[in-house]
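Structure first, then comments.
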Amino acid sequence: MPRINSPAELEDLRKGILSHKAPDKPCIAICAGTNCLALGNQEVIRAFKEELKKQSLEDKVDIRATGCHGLCERGPNVLIYPQEVYYIEVSPEDVPEIIAETVLGKKVIDRLLYTDPDTGEKAVHQSDIPFYKKQTRMIINTNTMIDPKRIDDFLAIGGYSALSKALFEMTPEAVLDEIKKANLRGRGGGGFPAGLKWETARNAPGDQKYVIINGHEGEPGAFMDRAIFTGNPHNVLEGFIIGAYAIGASQGFIYTRHDMPQLKENIYTALAQAEEYGLLGDNILGSGFNFHIEVHFDVGIFVSGESSALMRSIEGKNPEPRPKYIRTSVSGIWDKPSNLNNVETWANVPQIINKGHEWYTSIGTERSKGTKLVSVSGHVNNTAVVEVPMGTTLREIVFDICGGLPNGKKLKAVHFGGAMGGSIPENLLDTPLDFDALSGLGATMGAGGMLVLDEDTSMVEMTRTLLDFLSKESCGKCVPCREGVRQMLKVYNRLCEGKGKPGDIELLEDLCDVSKKASLCSLGRTAYSPVASTLRFFREEYEEKIVQ
Ligand SMILES: Cc1cc2nc3c(=O)[nH]c(=O)nc-3n(C[C@H](O)[C@H](O)[C@H](O)COP(=O)(O)O)c2cc1C
Ligand code: FES
């Protein structure tokens, strides 16, 4: 790989890559995402490779093992370019027919198309499937266009042009200003404005600054960060390097899951390739800017995704949180200013730099801009990774995009934001996806995990499961969280065994109040959310469980 020493050389390289790509050359993009992996995509990929070899078609047809396509429930999914014919639930036995009929014969195999369960209509192209039609996929859409292990695929779709623009056409202050004007809010939980956080770290005293990608994604039911990071790691890295330039950091850390071999492999491959091209390391693109990245793996406990605990973990200590009054942007890893953002937050940065804040702020609601990735699971027809503009209603996500609930069941609620999130009843389903609208209902956006619950769900039992998780995951450092959550769980166990006592609801309310006010970190401070939201909207279910 040649080292790239200037924006002109980057553009020449891009042109060279594109000149070798015939636009009409067939390409079979097979989802190699986590869910399709469980559904047997490796055998499908192998079958395609073998069949092309058998027919001596390796030079005439490209194969691309890609990241998640989003429609995880219906995998393994296969998208055939240039016609963009989309096949679902593909098995190795279908492969010879796909090559003969669709790739060579340009004919569509009806059996493998998506069928709309309501109308019975078949969708030939990906864009005809209601699931895709109703989304705005400006981050996750690139997953089908690239092989995450080939940096050239990313360069071919314009990758690293935002980095080049930032380094050569913008000062760090101008980059920061663009992110502030775009009002990019953090996608990892709190929705804090990224620009303000960057500015605090940039202006904090000390020359050594750190930047971090939070790729821990321990929230139950959340799987979109790994869909972005595994499927298009360079998109995240590009945003990260731009952020480091704006903040003035020469060292970055990726903190991610230890138990995802594919994610690990794709991150390491992307880092090595970016470094070889001179897009990372010393004197990036010949600009004089130096930036190095280290990868750290979590220890498998939920709280290590909390910002201060994560920084302790990077220091080699136990991932225990610190009190929030010490701001990590000013005093983080080894007490140096450290800016941490979620995977999806970083992934938004290149497009903001390329297209500008005005474009970005034209998408979304008044106070929540851009799109949001949501991972949808539970009692829903399409378990999926969805990307929609902020402001899309929860009803649209569940019914129009994810195909509603199976077995004709009615919807009772959606639980948003993982274990520390809240439940929203069916009659409020027209609530827009918006940081403030959700938190107004006691259900924070969290990282965007959405659990669909049907009419048969016991909200008390569902909340018990979440508290069981939280009580095991509390790091135990502070009493209100360690004991408070455990005491709440005791009450839930009692309620679920049919032994609820008068006063239990009031006791839960008191415990919520104490853990919310007195806990050290957001785990304890927001553990009350599932309790408070289900007490607010489903109180009668609690009352029924109390034996008078
Ligand atoms: C217990 C706990 C676990 C968390 N886990 C994650 C996580 O896995 N990924 C993440 O991005 N943020 C997680 N957060 C939120 C982070 O502390 C932090 O607010 C966020 O990563 C900041 O990035 P953002 O501003 O881009 O959202 C967690 C918070 C808590 C309290
Ligand atoms: S993992 Fe294949 S579509 Fe999500």
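The values are calculated or read from the model by the stated rules, or taken from the named source; none is laboratory data. What you see is a predicted model, and the numbers here were worked out from it, not measured in a lab. Neighbour counts run over all protein chains shown; Cβ positions are idealised from the backbone, glycine included. Please note that ligands, DNA and RNA were not included when accessible areas were found on the heavy atoms of the full protein model with its side chains. Shrake-Rupley method; radii C 1.70, N 1.55, O 1.52, S 1.80 Å.
Observations
- Distance between the modelled labels on ARG536 and PHE192, one decimal in nanometres: 2.3 nm (7 Å Cα→Cβ projection).
- When region 1-95 is reduced to its Cα atoms, the Kirkwood hydrodynamic radius in Å: 14.7
- According to the Kirkwood relation over distinct C-alpha pairs, the hydrodynamic radius of region 425-486 is 13.8 Å.
- Long pairs among LYS180/LYS355; LYS410/LYS516; LYS180/LYS477; LYS181/LYS264; LYS49/LYS122, criterion Cα-Cα beyond 25 Å: LYS410/LYS516; LYS180/LYS477; LYS181/LYS264; LYS49/LYS122
- Nearest-10 value in Å² for the accessible area of ARG64, using the 1.4 Å probe: 30
- Computed from the C-beta positions of ILE109 and VAL295 and an R0 of 45 Å, the FRET efficiency is 0.60 to the nearest 0.05.
- Take the convex hull of the alpha carbons in the chain; its mean projected area over all directions comes to 24.8 nm².
- Remark: the ASN5-ALA100 segment gains 29.7 nm on full extension, using 0.36 nm per residue and subtracting the alpha carbon distance.
- Furthest towards positive pole of dipole, ALA166, PHE154, ILE179, structure part region 152-194, Cβ charges: ILE179
- Taking the 1.4 Å solvent-accessible surface of region 371-454 as the whole, the part contributed by carbon and sulfur is 53%.
- A Förster radius of 45 Å combined with the Cβ-Cβ distance from GLU455 to GLU315 puts the calculated FRET efficiency at roughly 0.40.
- Between LYS149 and GLU544, the modelled labels are 5.2 nm apart [label points 7 Å from Cα along Cα→Cβ].
- Among SER308, THR115, CYS27 the positive-end extreme of the charge dipole of the chain (Cβ point charges): SER308
- Taking 0.36 nm per residue of sequence separation and removing the Cα-Cα distance, the LYS165/LYS15 pair yields an extension gain of 52.3 nm.
- Once the Cα gyration tensor of region 31-170 is diagonalised, semi-axes √(5λ) in Å: 27, 20, 14
- All C-alpha pair distances within region 106-218, sorted into 10 Å bins from zero, spread as 10, 24, 32, 19, 11, 4, 1 percent across the bins.
- Between GLU93 and THR465, the C-beta separation translates, for a Förster distance of 30 Å, into a calculated FRET efficiency of about 0.15.
- Rounded to the nearest 20, the Cβ-based charge dipole of the chain about its Cα centre (Lys and Arg +1, Asp and Glu -1) stands at 1040 debye.
- Along each principal axis, taking the top coordinate minus the bottom one, the Cα set of region 371-454 gives 33, 22, 22 Å in descending order.
- To put it simply, the accessible area of region 22-134 at a 1.4 Å probe is 49 percent carbon and sulfur.
- Per residue, the accessible area of the chain comes to 39 Å², computed with a 1.4 Å probe over protein heavy atoms only.
- Across region 409-455, Cα-Cα distances exceeding 17 Å account for 22% of all pairs.
- In summary, region 279-351 shows an alpha-carbon radius of gyration equal to 1.28 times the 2.2 N^0.38 Å reference for compact globular proteins.
- Taking N as its residue count, the alpha carbon Rg of region 450-548 over 2.2 N^0.38 Å: 1.02
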